[in-house]
Amino acid sequence: MVAAVEGARKATRTVPAMAKDAVIFAAVSLALAIPLVGFYITDQGSTNTLHTRFGPMFYGVGVLFLGKLALSFAESSEAIARRIALIGSALAVLWFVIAVTGVVQDDNQVLGWFTWIVVVAVAVRGWVESRRSGAAARAIATAEGTSLGAAVARLGRFLGPLFIGIALVAPFYAAAIDDKRLVDLGVLIFTYIMLGWGLNVVVGLAGLLDLGYVAFYAVGAYTYAVFSVKLGLNFWETLPVAGALAASFGILLGFPVLRLRGDYLAIVTLGFGEIIRIILLNWAELAGGAQGIGGIERPSFFGMPFTASPPEGTTSFNEFFNIEFSPMHRQIYLYYIILLLALLTNWFTLRIRKLPIGRAWEALREDEIACRALGINPTNTKLTAFAIGAMFGGFAGSFFATRQGFISPESFNFLESAIILAIVVLGGMGSQIGVVIATIVLIGGPEWFRDLAAYRMLAFGGLMVLIMIWRPEGLLAHREPTIRMHSQKRSA
Amino acid sequence: MAYFLQQLINGVVLGSIFGLIAIGYTMVYGIIGMVNFAHGDIFMIGGFVTIITFLVLGAIGLTWAPLALLLMLVIAMGFTALHGWAVERVAYRPLRTSNRLAPLISAIGMSIFLQNYVQIIQGARNKALGTPLISGSIQLMERDGFAVQITYMQIVIVVLTIVLMVGFTMLISNTALGRNQRACEQDMRMARLLGVDVDRTISLTFVMGAALAAVAGMVWLLYYGIIDFYVGFLAGIKAFSAAVLGGIGSLPGAMLGGLLIGLIEVFWSAYFSVEYKDVAAFAILVLALVFRPTGLLGKPEIEKV
């Protein structure tokens, strides 16, 4: 209803009204930009120097003004006017670029990118808006949205095996072209996929917002590190211990806080994650403090290390198989370990969803009061989800430690939690394949733009906001009921 | 005793800063029931606007402390309030009717965005104020060679906080805007039916919260003399802890919670260990939520089916 009225009001606006809108928009942008973009500080020792960059600032605001104007035209009701306006304003933006580029000197590249982002955004928005009008189209768009999730869910049956197949042969391709970076990237992506799937149990299935997931990751990593360095245990011996320890931490934390409502829980878990990090940072005897723990045992293949010169009394992997030594072997081995662990997580999650406990999680996510009325114990059910999610976090943490050979508290900060949560949420909470797609987009994509580290995080934050506004349920949100009473009632 | 008194003074000053930030959290939570995760970064932006205003004022030769202070206060509040407004308009308003998690995640995204935005446009190094604007102190007492001092800066901070708190409480209790706000807090749909402009009221709530956070940012900068793009994260979490401890949704609660968190942090650092001072604040948050989820001055929330 409101959307329809809003749409109608937008469509019937006159040109001066649109211009007024754009002017207000530009004025607000200018006011926002003046203090922080217009001025900047450089410091030499203890003396600050103030610089101005009004040129780029006015340029940016000008681009925003034209973009807003173009968008208003594109939303107007006359179809032809709409297209002409769109093309015209796109040309105007381009002209503006050419005309004003002389004003700006060093920030050229950034401003160029900025302009292009605005132009593309306007074009996309204008195209989407011109295809729909009012509430009817909006309703269709939502239906399209759900059907996208549903289509992927249907395709998942074929996509899943296909994806696993590609994942299985990928390292051979990388070995063939001798690209160590590709295998590294694969390992990184699967680590995050595993973390995403682990957190998906907590956030996606049970609907508990956990902002401190990295704490369990850290517990797993430090468990293996300490066991390896102090006791000399190997990766496979420690893995169950790390999982169990992380799960116990999950229960320990979850027990007092799980009766809290969603956003309180989020903040408490965040606090817990920070507490773990600060403790690790200051616990010099066991955790090595800020220096972290180094010299963690790298993985070995049934006791055969991946080294060129194995220690006395052991055979190395390449000697046993009588092949030439290559550092790729260890990378590929690591890749298969994390692939196995990730698939294990996925398989476990898919199976447990069909058990009473898994159904209880999803029911609890949808309506806690109804669950209580039906005799489900909310605390125990949530606690299980929390502990299982934590356990997978612990496994992934152990893997991280053996992969890196060195860990420090800096690897386990809040940003890491936010990234894992973003993967789960952007993928569509509860969607397993969504996690994979979101990881490839969020981790794989930016990995190629390492040099632009700060811009990468800027885009990351902006993307989180935009995707939430565009699809509050996540990219592939599709809540397929796991059980149906009347199979013919599919439309409901 | 002298040492204790000195820590008490420091704690009250730190608590005032947390209290000012906490009000923003508590008001927003009270009215739309979301944790405005980006509020800590709004506080950080307030600090940055202040240091830039300070340098601009220095560049045009305006160095008379009271006037400079007043101008910095007004400018920082104005620009930061605009940031608060824009954040609400862009990231939260489109999500007002969606599920509970969406605005929170949008807020986390906004927080990451703002941090990196400031890092890019102002640089990652921390910015130091250089010469303090207000220097000097009063010696209150001296015992066993330990002098208890209260700096003029500390007096200014506490007085400023008290003035703002009184003004703010009057705003909420006596003006039409405050009445609208309280109406929206109780029942948003009913308030809308009775002619309250809900969107405008919510926007103004964000604006007021951001303005107070700007004051906190300014005071932080003047007190510690240093600011960086990451400062909002920890300060924000602690201020949120303060809001929860005091009872979220309650204004005096936010101030009380801020004071308590400030005092706890300072005393913890003074008597136990500096390294674990952040743990103290988080531990308080967890304990408060476990044993008294409604906070010290909060009303119990009744969940209706």
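Quick rundown of the values:
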quantity: Positive-end residue, segment B:90-182 charge dipole about Cα centroid, Cβ charges, pick of B:Met141, B:Thr97, B:Val156; calculated: B:Thr97
quantity: Label-zone membership for segment B:158-185, site B:Asp197, 7 angstrom Cα→C-beta point, backbone N under 12 Å; calculated: B:177
quantity: Helix axis angle, B:176-186 relative to chain B longest principal axis, alpha carbon, degrees; calculated: 60 degrees
quantity: Ordering of A:285-292, B:92-99 by burial proxy (mean other Cβ atoms within 10 Å per residue, highest first); calculated: B:92-99, A:285-292
quantity: Accessible area that becomes buried as B packs against A, both chains, 1.4 Å probe, Å², nearest 100; calculated: 5500 Å²
quantity: Partner chain coverage, peptide B:272-280 - average Cβ within 10 angstrom; calculated: 3
quantity: Averaged over B:178-191, number of beta-carbon atoms from partner chains that fall within 10 Å; calculated: 0
quantity: Charge dipole magnitude, Cβ of K and R +1, D and E -1 - chain B, Cα centre, debye nearest 20; calculated: 640 debye
quantity: Pairwise FRET efficiency - B:Ala124 versus B:Ile60, Cβ, R0 = 35 Å, nearest 0.05; calculated: 0.80
quantity: Label-zone membership for segment A:209-252, site A:Leu340, 7 angstrom Cα→C-beta point, backbone N under 15 Å; calculated: A:234-240
quantity: Segment B:1-152, Cα convex hull volume normalised per residue, Å³; calculated: 151 Å³
quantity: Label point distance in nm, B:Leu171-A:Val120, each placed 7 Å from Cα along Cα→Cβ; calculated: 4.1 nm
quantity: Two-decimal ratio, segment B:17-96, of alpha-carbon radius of gyration to 2.2 N^0.38 Å; calculated: 1.28
quantity: Accessible-area ranking of B:Met170, B:Met208, largest first, probe 1.4 Å; calculated: B:Met170, B:Met208
quantity: Separation of the B:Thr97 and A:Ala244 label points, Cα + 7 Å toward Cβ, nm; calculated: 5.2 nm
quantity: Difference of contour (0.36 nm per residue) and Cα-Cα distance, A:Tyr173 to A:Glu237; calculated: 19.9 nm
quantity: When chain B is reduced to its Cα atoms, the Kirkwood hydrodynamic radius in Å; calculated: 19.9 Å
quantity: Gain on full stretching of the segment that runs from A:Phe320 to A:Trp283 - 0.36 nm per residue minus C-alpha separation; calculated: 9.2 nm
quantity: Burial order of peptide ranges A:20-28, B:247-255, A:456-464 (average beta-carbon count within 10 Å, highest first); calculated: B:247-255, A:456-464, A:20-28
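The values are calculated or read from the model by the stated rules, or taken from the named source; none is laboratory data. No experiment lies behind these values; they were computed from the predicted model shown. Every residue, glycine among them, receives a Cβ derived from its backbone with ideal geometry; neighbour counts consider all protein chains shown. Each accessible area value is taken on the protein alone, full model and side chains, heavy atoms only, with ligands, DNA and RNA left out. Shrake-Rupley method; radii C 1.70, N 1.55, O 1.52, S 1.80 Å.
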